[in-house]
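The values are calculated or read from the model by the stated rules, or taken from the named source; none is laboratory data. If you're wondering where the values come from, they're calculated on a predicted model, not measured in any experiment. FYI the Cβ positions are ideal-geometry reconstructions off the backbone, even for glycines, and counts take in every protein chain you see. Each accessible area value is taken on the protein alone, full model and side chains, heavy atoms only, with ligands, DNA and RNA left out. Shrake-Rupley method; radii C 1.70, N 1.55, O 1.52, S 1.80 Å.
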Amino acid sequence: MPAPKAKPYISAITPYVGGKSKAGNATRIIKLSSNENPYGPSPAALAAYAQAADSLHRYPEDGCASLRAAIAARHGFDPAQIICGVGSDEVLGMLVHAYAGVGDEVVFCEHGFLMYRVYSNQYGATPVAVPERHLRSDVDALLAAVTDNTRLMFIANPNNPTGSYITKDDIARLRANLRDDIILVLDGAYAEYMVADDYSDGRELVLNTNTVITRTFSKVYGLPALRVGWGYGPPHIIDTLYRVRDPFNINQPAIAAAIAALNDIEYTLQQVALNNAERERVRRAIEAMGVATHPSVTNFILLAFESPKQAAAINAALLQRGIIIREVINYGLPHCLRMSIGTASENDAFLAALAESLAL
Ligand SMILES: Cc1ncc(COP(=O)(O)O)c(C=O)c1O
């Protein structure tokens, strides 16, 4: 049977590969490869999810009105300016779908989240990866990369896999110098972990500029299996995104769990405190072993080794010991590995395995 020809820009896509969850023959597996919350969601979210089982024979509410109302109430937004997606990924994809295609350019940072490139490719737009400065988004380089064909610019702030962020002032300068019609997308997948005074997720820019912010329930809220995220933007952009959204995109158990997770503020604050304290403890311990780390404001740490060869050897040795972390070769960082912050005992097991691996 002859294979039908896909559009050439589709055939050229390198599909996204998630973090591994198997490690050879190791009996105890510790998965620190996907920036998940190791403690899982709030008990209230689990209860809401279980209760939703009573209604599996019904279609979900379309348009996520109850979840949008909860998000709007929590953040002081207009629910009409919010769109929910199957993970924040889907919102990023809807933006490219609606605003960029063949001949258009989508700008992002060289070590930026991989899906910006994947979505650009899916819609035939040209991905433009911009050099960073010391593994941080470089405002001047981003502005220099803009051409007449630029339609969208994606910045993860903080960024994955570098763990770095740029300040509210940097973002304001970027927006002020960006052509008005270019949509600036500020991806805040890790925004909840931020405690720095000079940080903003960019919400203040939504009022007067073509800026969209995105958030997820996959990280601090501990619900990646349910795939829920959202975007907040100017009414004309959100209205456009609703035209490319699939009907009933978010399922009802996911809506119920996300609302409960969002409303359990105490649990979320506790998760942030736990993560941030563990992150600094683990970072100091890694550095004490002579391995360089990049400062992180997120729930993961980027470790820099002497060479790609050493990073690969350490990764293999960790895997043999049942510890799964993430290679970041496809992010252009072959000498680095990214580890997600686990529970204290998972982190201890990681540190012990790292010490053994370094001694091999
Ligand atoms: C920077 C960034 N943005 C977006 C996402 C997508 O998250 P989700 O689709 O689960 O909301 C991730 C996931 O790892 C991420 O790291």
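Scoring Thr216 on the criteria (1) within 14 Å of the ligand (Cβ to nearest atom); (2) open to solvent by 10 Å² or more (accessible area, probe 1.4 Å); (3) not aliphatic (A, V, I, L, M) leaves a single failure, condition (2). Of the residues Ala196, Ala172, the single one that is more than 14 Å from the ligand (Cβ to nearest atom), out of contact with any Asp or Glu (no Cβ under 7 Å at 6 or more places or on another chain) and outside any loop (DSSP other than H, G, I, E, B) is Ala172. Considering segment 21-36 alone, what residues qualify as being open to solvent by 20 Å² or more (accessible area, probe 1.4 Å) and either touching a Phe, Trp or Tyr at 6+ places or on another chain (Cβ under 7 Å) or assigned by TED's automatic domain parsing to the domain that holds Ile255 (or both)? Within segment 21-36, none qualify.
Just checking, does segment 46-54 include any residue being surrounded by fewer than 11 Cβ atoms within 10 Å (Cβ to Cβ) and of a type outside the set (S, T, N, Q)? Yes, that holds for at least one residue.
Restricting attention to segment 91-116, the residues being open to solvent by 40 Å² or more (accessible area, probe 1.4 Å) and in contact (Cβ under 8 Å) with a residue 60 or more places away in the chain number 4.
Among the candidates Ala316, Ala311, Ala304, Ala285, the residue that is open to solvent by less than 60 Å² (accessible area, probe 1.4 Å), farther than 19 Å from Pro161 by Cα and touching a residue at least 24 places away in the same chain (Cβ under 8 Å) is uniquely Ala285. In the set (1) within 20 Å of the chain's Cα centre (by Cα); (2) part of a helix (DSSP H, G or I), the condition left unmet by Asn35 is number (2). Determine, yes or no, whether Leu143 is more than 23 Å from Asp104 (Cα to Cα), open to solvent by 30 Å² or more (accessible area, probe 1.4 Å) and more than 12 Å from the ligand (Cβ to nearest atom). For Leu143, the condition - more than 23 Å from Asp104 (Cα to Cα), open to solvent by 30 Å² or more (accessible area, probe 1.4 Å) and more than 12 Å from the ligand (Cβ to nearest atom) - is not met.
Of the residues Phe113, Phe154, which single one is within 14 Å of the ligand (Cβ to nearest atom), part of a strand (DSSP E or B) and among the aromatic types (Phe, Trp, Tyr)? None of the others qualify; the one that does is Phe154.
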